[in-house]
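A short write-up of the structure that comes next.
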Amino acid sequence: MPPWFADPRFGHFSNDPSLTADQIATLLEWVAAGNPAGNPHDAPARPQWAEGWNIAKPDVVLPMPKPVTIPADGDVEYTYEIVPTHFAEDKWVQMAEVHPSSPQFVHHAVVYIRPPESKWLRHAPVGVPFTASTLSDPQERLEAHGTTSDLLLVYAPGSSPDRWLDGMAKFVPAGSDLVFQVHYTTHGTPGEDRTSIGLVFAKSPPAQRVITLQLNDHAFIIPPGADDFRVEVQGTLPNDATLLSLFPHMHLRGKRFEYNIVHPDKTIETLLKVNYDFYWQLSYKLAEPRPLKSGTDLQAIAWYDNSRHNQHNPDPDSPVTWGDQTYNEMMVGFFDVAVPANVDKQHFFVRK
């Protein structure tokens, strides 16, 4: 544990926990021999964990100021909470981990970096939960789900914290707010949640800035009963970047997902192919970061099972479109890239 869903024929990943054939053979021989103990003097030192965290002890923990009340049943609209960082100086984040206080209710959480000059949700309340439908500004209601703000971290079932290599980090400008967007699901009993994020800062300014990009398709319609429905999206990198990790996201009908490079001669190079599991949404971190030139054509392909053979399918008799709730679907291929430290997300998309 945790399970691993990547097809071993494509790519190599630093967080792959799979055992080799030799390791499995060694374990079987040890079991067959009656599980003999080794020499205690040969044992490695016990790992030292920061209590309550899977990253190093955070330099700062930023919780949502007010807990969110979750009803016993029904749909819960995406819930937002704006958290001022009060950072007096720019910060470079090398590690980050999201901590729901009640993870049984959290379908996913996204933490956005809202720099001081951003106009996104500027009329929204600060420090208290709100939803798009409660906003008084009609334009902000429309823009709540769509932002160009960079992602600090995405949390989903089974996902792991971010730990960037030395010389790489995410940038949080002085005076920024963090915008928590949390999707809660109900389970028959009421509850509450107060999600927080822990941050570990880089010891010195890095040479490269990490930004999170995505390929997505909002316009698909999965027919009733379709057991292998394909959705594809492509895009070209506007500038040079180094590919670091890949994180596919679908809902309960998600079946398979792959990322490819489409070369100029139309040959396909597969970077990752996974058998998707909604309950273990993993980020696949490249063992060797991959430099990509501007103009590189990236492709993401998702397959869905909307048939009765899918034991998690809420309704195989209905067509399925994009939507927030788990009985809807999504098609998002997140990926992290490193760019020079002085390049922000907006400038990265300015094509030369």
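Every read-out reported here was derived from the displayed coordinates using simple, explicitly stated rules and does not represent laboratory data. Here the structure is a predicted model, which is why all the values come from computation and not from measurement. Here Cβ is always computed from backbone atoms with ideal geometry, including for glycine, and neighbour counts include all displayed protein chains.
Below is a table of values for the structure above.
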{"quantity": "Order by protection proxy (mean Cβ within 10 Å, highest first), peptides 54-61, 138-145", "calculated": "54-61, 138-145"}
{"quantity": "Partners for Lys255 among lysines (Cα-Cα distance below 17 Å; same-chain residues under 8 apart left out)", "calculated": "Lys273"}
{"quantity": "C-alpha center-to-center spacing [region 94-162, region 17-84] in angstrom", "calculated": "24 Å"}
{"quantity": "In sequence order, calculated HN-Hα J values of region 117-132 (Karplus, 6.51, -1.76, 1.60; Hz; x Gly/Pro)", "calculated": "7, 5, 9, 5, 6, 5, 9, 7, x, 10, x, 9, x, 8, 10, 4"}
{"quantity": "Lys pairs under 24 Å by Cα in region 60-203, provided they are eight or more residues apart or on distinct chains", "calculated": "6"}
{"quantity": "The chain, relative contact order in percent, only Cα pairs under 8 angstrom and at least six apart counted", "calculated": "23 percent"}
{"quantity": "3J(HN,Hα) from dihedral phi, region 19-35, Karplus parametrisation 6.51/-1.76/1.60, rounded to Hz, x for glycine, proline", "calculated": "8, 6, 4, 5, 5, 5, 4, 4, 5, 5, 5, 5, 5, 4, 7, x, 6"}
{"quantity": "Phi-based couplings in Hz for region 215-225 (Karplus 6.51, -1.76, 1.60; Gly and Pro marked x)", "calculated": "10, 8, 9, 9, 10, 7, 9, 8, x, x, x"}
{"quantity": "Separation in nanometres of the label points that stand 7 Å from Cα toward Cβ, at Gln234 and Ala56", "calculated": "4.3 nm"}
{"quantity": "Contour excess over end-to-end distance, with Cα ends at Ala287 and Ser136 and 0.36 nm allotted per residue", "calculated": "49.7 nm"}
{"quantity": "Added length on full extension, which subtracts the Cα-Cα distance from 0.36 nm per residue, Glu77 to Thr26", "calculated": "13.3 nm"}
{"quantity": "R0 of 41 Å, Cβ-Cβ distance Gln48-Thr186: FRET efficiency to nearest 0.05", "calculated": "0.60"}
{"quantity": "Qualifying lysines (Cα of each under 18 Å from Cα of Lys293; at least 8 residues distant if same chain)", "calculated": "Lys266, Lys345, Lys352"}
{"quantity": "Prolate/oblate/rounded label for region 1-150 (Cα gyration tensor, a/c 1.5)", "calculated": "prolate"}
{"quantity": "Alpha-carbon centroids, region 244-260 and region 190-222: separation in whole Å", "calculated": "16 Å"}
